[in-house]
Structure formats: structure tokens, C-alpha cells
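See structure below.
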Amino acid sequence: MEFEFLKRTALTERSRLIHCITNPISINDCANLILAMGAQPMMAEHPAETERITGMADALALNLGNITDVRMESMRISAACAHARGIPSVLDCVGIGASRLRLNYAGSLIRDFGPSVIKGNLSEWKVLCGLEERTRGVDLTEADRLTRVTDCLDEFARFAREHRVVALVSGAEDLVTDGTRAVLVANGHPMMSRITGTGCMLGAMTATWLAVAAPFAAAVQACVTFGLAGEIAAGRSRGPGSFRTELLDALYNLTDEALRQNAQIMEIGSIPNRTGAAADRAGYGDANSL
């Protein structure tokens, strides 16, 4: 499909501040990714300062991996600030099927503060939409490894419409939908699953493009940018260790022309606005139900 990519100068002409509240497992990689793209990362998470920092930011990234009481408090403060000031945000629903705590917490953030983009893998999205009750850990379930992301398109699109968000479903093929349109992005490489934190990095990449683009366009461009960098890095690396280094270099050196020429985007088309029992299912419960 014809997709209008933003030039990287949109990020570099005025260094955009991206506030990330993420986990210690991926915090360094997320910060370096934002720097490689020409933006400025801020990884503050203390509840006493997050409101002020979010208020200065061009975009906000919230990640539920390895949550703590402090991070949960800080994320609510930052989400409220972003919502009140119209600052775009991405919520990465890491591991929401692993515990009721995460699922209810994600639900409260979505209901109360309406993020611009919600990101998760196929298993996490199925839990969010009430198609499954739980998952094991934070990765795809074995069954979902064999499932095409488009099999649940109607449910994901319905969720996006009802909550007025862009859904980003990451995987071997990334699905992006705002409820009325949907695209598949096929850029990427299996080596990206051989190092930890690449899902979190995609969330940070999405927030970076959110600083200069509308949510749907930002999510698509993030998937293409990160996926293409993964392809380039895999061709130059000898294993997971060198791949991690090559991934950062590929992001830093990726040109606008390479992005346009090598993007693998397929438009799925219009999505029916179906109704029925499935439309009424809620994948997350009230926070008081714990």
C-alpha cells in the first residue's frame, strides 16, 4: 500500500523528549533506541517528579513489564498528566495475562486516561479482549505461535473503536488498526526474538514517532522502522550478542530512502462493525475485584 513516511528530520530538527516508564530489564536498550533515532529519552519513574517530566515531554511510553508499587503509582500520575495536556502516549500491556493485577491495572489506565496506542503481542491482546483468560509469562503462548494475527482482527478492531485507540499487535507480522482500517507490517527477523527487550523497544519506538505523527501513522512507521533495522542487523550479526549491537547501529544509520524502499506494508481493508455477545466481553475487570 502507499504509505506516507515522515522523514527522520521530524525527530532531529528539534530533539523530541520521550518520557519512558519502563522496566529495568529493557530500560537501557529503550533509552539508546530513542537516542539512535535522534530524540531525547527521559526514564524518570519517581512519583514525586513524573508529573512535571511528563508535562515537558512530547510523548509518553508506559510499560507494564516488571511492575512495582512505585512504577504503578508513577504511571498513573504520568498517564493522568498526558491525558489532561493532550500529550500522546503508548501503553505496552506486557504480561497482562500472567496476573490479575496487571490485567486490572491495564484496564484502569485504559478506562481513565485513554492512551493513544495500546501495544501487546497476540496473546496479550486476546486476554485484553476477553478471548483468553490467562497466559504463561510475558511471551506468546505455544498455541498463539501458530495463529495468524488476522484471525482475531474483528475483535481487536472492535476494541480499538470502543476505546478510541490504535491497537498495535506485535509478532512475526505486526497488525495495526484503529477500528476502521488495518494494515499488516511484515518487516522483521526471527533473531529479534533471541534477545530480551525487543518488544519493549518497539513500544519506545512507537512513542518516539508519536511525538511527531498521528497515532495510526506513528504505529505503522514504528513497526516498519524497527522491523527493517532487525533485518539489517540479522544480516550483519553472528549471534545474539552482535545482533544487539548491530540493531542499534542499524537504527542509527537507517535512511528515509531505505525505509520507503523496503517497507512491507499490506492494507487489509475496511472492517465490519459487528455486534453481538462477543462485542460485550470485557477482558479486564474492576481494580477492586482482586
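The values are calculated or read from the model by the stated rules, or taken from the named source; none is laboratory data. Only a predicted model underlies this, so the values are computations on that prediction, with no experimental measurement involved. Because the Cβ atoms are built from the backbone with ideal geometry, glycine has one as well, and the counts that use them run over all protein chains shown. When the accessible area is computed, the model is the full protein with side chains, heavy atoms only, and any ligands, DNA or RNA have been set aside. Shrake-Rupley method; radii C 1.70, N 1.55, O 1.52, S 1.80 Å.
Overview of results
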{"quantity": "Every residue from region 123-149 that is modelled with pLDDT of 60 or more, over 23 Å from CYS20 (Cα atoms) and outside any loop (DSSP other than H, G, I, E, B)", "calculated": "SER123, LYS126, VAL127, VAL149"}
{"quantity": "Subset of region 63-86 (residues that are among the hydrophobic types (A, V, I, L, M, F, W, C) and more than 16 Å from the chain's Cα centre (by Cα))", "calculated": "ILE67, VAL70, MET72, ILE77, ALA80, CYS81, ALA82, ALA84"}
{"quantity": "Candidates GLY197, GLY188, GLY203, filtered to the one that is touching a residue at least 60 places away in the same chain (Cβ under 8 Å) and within 20 Å of ALA217 (Cβ to Cβ)", "calculated": "GLY203"}
{"quantity": "Matching residues in region 68-102 - criterion: being on the phi < 0 side of the Ramachandran plot and part of a loop (DSSP other than H, G, I, E, B)", "calculated": "THR68, ILE87, PRO88, CYS93, VAL94, ILE96, GLY97, ALA98, SER99"}
{"quantity": "Qualifying residue in region 225-237 (condition: in a helix (DSSP H, G or I), at pLDDT below 95, under 16 Å from the mean Cα position of the chain (by Cα) and over 13 Å from ASP29 (Cβ atoms))", "calculated": "no"}
{"quantity": "Criterion: aliphatic (A, V, I, L, M), in contact with a helix residue (DSSP H, G or I) (Cβ under 9 Å, 6 or more places away or on another chain) and surrounded by fewer than 20 Cβ atoms within 10 Å (Cβ to Cβ) - qualifying residue of LEU228, LEU248", "calculated": "LEU248"}
{"quantity": "Some residue of region 20-40 being outside any helix (DSSP H, G or I), touching a Lys or Arg at 6+ places or on another chain (Cβ under 9 Å) and under 26 Å from ALA182 (Cα atoms)", "calculated": "yes"}
{"quantity": "All positions within region 167-184 that are open to solvent by less than 10 Å² (accessible area, probe 1.4 Å), under 16 Å from the mean Cα position of the chain (by Cα) and within 20 Å of PHE113 (Cβ to Cβ)", "calculated": "ALA167, LEU168"}
{"quantity": "Any hit, region 236-245, residues being touching a helix residue (DSSP H, G or I) at 6+ places or on another chain (Cβ under 8 Å), open to solvent by less than 10 Å² (accessible area, probe 1.4 Å) and touching a residue at least 24 places away in the same chain (Cβ under 8 Å)", "calculated": "yes"}
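Matching residues to (1) more than 20 Å from MET75 (Cα to Cα); (2) of a type in the set (Val, Ile, Thr); (3) touching a residue at least 40 places away in the same chain (Cβ under 8 Å); (4) surrounded by fewer than 15 Cβ atoms within 10 Å (Cβ to Cβ):
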| site | (1), (2), (3), (4) |
| --- | --- |
| LEU6 | yes, no, yes, no |
| HIS19 | no, no, yes, no |
| ASN28 | no, no, no, yes |
| LEU33 | yes, no, yes, no |
| ALA39 | yes, no, yes, no |
| ALA57 | no, no, yes, no |
